[in-house]
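**Student:** The structure's right below; bear with me while I get my questions together.
The values are calculated or read from the model by the stated rules, or taken from the named source; none is laboratory data. This structure is a prediction, so every number in the text was calculated from the model and none was measured. FYI the Cβ positions are ideal-geometry reconstructions off the backbone, even for glycines, and counts take in every protein chain you see.
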Amino acid sequence: MHGWNGKLLVVNLGLGEIREESLDLDILVKFIGGRGIGAKILWDMTDENTDPLSPDNPLIIACGPLTGIAPMCGRYSITSKSPLTGTIFDSSAGGFFGAEFKSTGYDCIIITGASEKPVYLDVTSDEQVLKDAAGIWGLNTRDTTARLSKDGRSVACIGRAGERLIPIANIMSDYAHACGRGGLGAVMGSKNLKAVTVKWGRLPNVANKSYFTKSRREITRLLRANPVTSKGLSVYGTPVLMNLINYMHILPTDNYRSSFSEHAECLSGESINDTYDLKKESCHGCMIACKRSIKDSGLEVPEYETLWAFGADCNNYNLDDIVAANRLCNDYGVDTITCGSTIASYLEYTGKNAENLVQIVKEVCEGKGKGSELALGSKRYTELIGRD
């Protein structure tokens, strides 16, 4: 078998058991990629009556045949039933976790059941074991990652938001890469699973090495020749989209009541480059390196989606506040897009402005004050206040 490992792990947290199973090539080809195999497994294991936060709801980590092997293919997918929407849901993240997971010799992990006490799953090519997580339960994602990655492991984990089962909780990997939106962090928290750690092993072979090498060179040439990837994303990161999206009049503004902002330039990649001294960061096998961090503080530069969610959608053009809100969400493991959109609903309903944005975000992350309602997401929040 080439591209794939042809193996998966089945982890039963309730019984504390781990077993290895083979993956049929026909299934891998028919439901290609981490998203495909995750959807197939979830379909087979759940139905409309499965409670997303019950032990019966599986959490499926998977990657595709190109993960870790081809250029621009470092992502992995997590699939489960969403506690936010109650429907099938998948999310993917970049960084290095996907490639390192693939190198352990597995294409997929199916996690079922719920542990009686906090645990984390450690997967290498030599050993797959559940370990006690009592000492890291209650920590946010940065401290958790720092503790578990000391020997070179890549870490996907939840923060306190996932532990509290809030429906907009993320799973964060490599500090700043989010499997976001559908509340998969809450699914992980409901299982008392704090983290999954993986360590580099060996990637599967390709079928035709000479043709693969030629194709990889051609992919690299095309990426360098494309102005969007070489002059846009590579220079400014995803915030380069801000001015373009605004020009096209499709920028979420003022709680979606407008699609154009006169102040969008303040949130643009060009403005961010002028405001901060930045460091470029890349994911596995990616020459674009669209991630950015601020050199003196180490804070992550928000992605385009986070900039509009905490920015234009909230009528807020204070970059420092958006950067601070983004860090809070990443650390607690909260989805920035849903959080920002829900706060935008709150600001419209109350008639307030975004001058206390960072404090509101902290309340969402901690579940205190108005944050306990906003942490439900915009749909449930507006239903709660009778404005659906």
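Let's see how each residue does on (1) assigned by TED's automatic domain parsing to the domain that holds Ala133; (2) part of a helix (DSSP H, G or I); (3) over 30 Å from Lys370 (Cβ atoms); (4) charged (D, E, K, R):
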position: Tyr175; (1), (2), (3), (4): yes, no, no, no
position: Ala186; (1), (2), (3), (4): yes, yes, no, no
position: Thr213; (1), (2), (3), (4): no, yes, yes, no
position: Lys231; (1), (2), (3), (4): no, yes, yes, yes
position: Pro239; (1), (2), (3), (4): no, yes, no, no
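**Student:** How many of the residues making up region 352-380 are at positive phi and either without any contact (Cβ under 8 Å) to a residue 60 or more places away in the chain or not assigned by TED's automatic domain parsing to the domain that holds Val334 (or both)?
**Tutor:** So the count comes out to 1.
**Student:** What number of residues in region 329-372 are part of a helix (DSSP H, G or I) and small (Gly, Ala, Ser)?
**Tutor:** Selection size over region 329-372: 6.
**Student:** Oh, and also: Would you mind telling me which numbered condition in (1) among the hydrophobic types (A, V, I, L, M, F, W, C); (2) outside any loop (DSSP other than H, G, I, E, B); (3) over 30 Å from Gly152 (Cβ atoms) Ile18 fails?
**Tutor:** Here Ile18 clears every test but (3).
**Student:** So which pairs qualify, if the first residue must be in region 316-337 and under 23 Å from Ser271 (Cα atoms), the second must be among the charged types (D, E, K, R) and crowded, with 23+ Cβ neighbours inside 10 Å, the Cβ gap must be under 9 Å, and the two must be at least 6 apart or on different chains?
**Tutor:** Between residues of region 316-337 that are under 23 Å from Ser271 (Cα atoms) and residues that are among the charged types (D, E, K, R) and crowded, with 23+ Cβ neighbours inside 10 Å, the close pairs are Cys329/Asp335.
**Student:** Of the residues that make up region 138-154, is at least one touching a Gly at 6+ places or on another chain (Cβ under 8 Å), assigned to a loop (DSSP other than H, G, I, E, B), in the same structural domain as Gly16 (by TED's automatic domain parsing) and at pLDDT 95 or above?
**Tutor:** Yes.
**Student:** Sticking with this one: Hey, can you tell me all the residues within region 60-88 that are surrounded by fewer than 23 Cβ atoms within 10 Å (Cβ to Cβ) and either within 19 Å of Met45 (Cβ to Cβ) or without any contact (Cβ under 8 Å) to a residue 12 or more places away in the chain (or both)?
**Tutor:** Ser82, Thr85, Gly86, Thr87, Ile88
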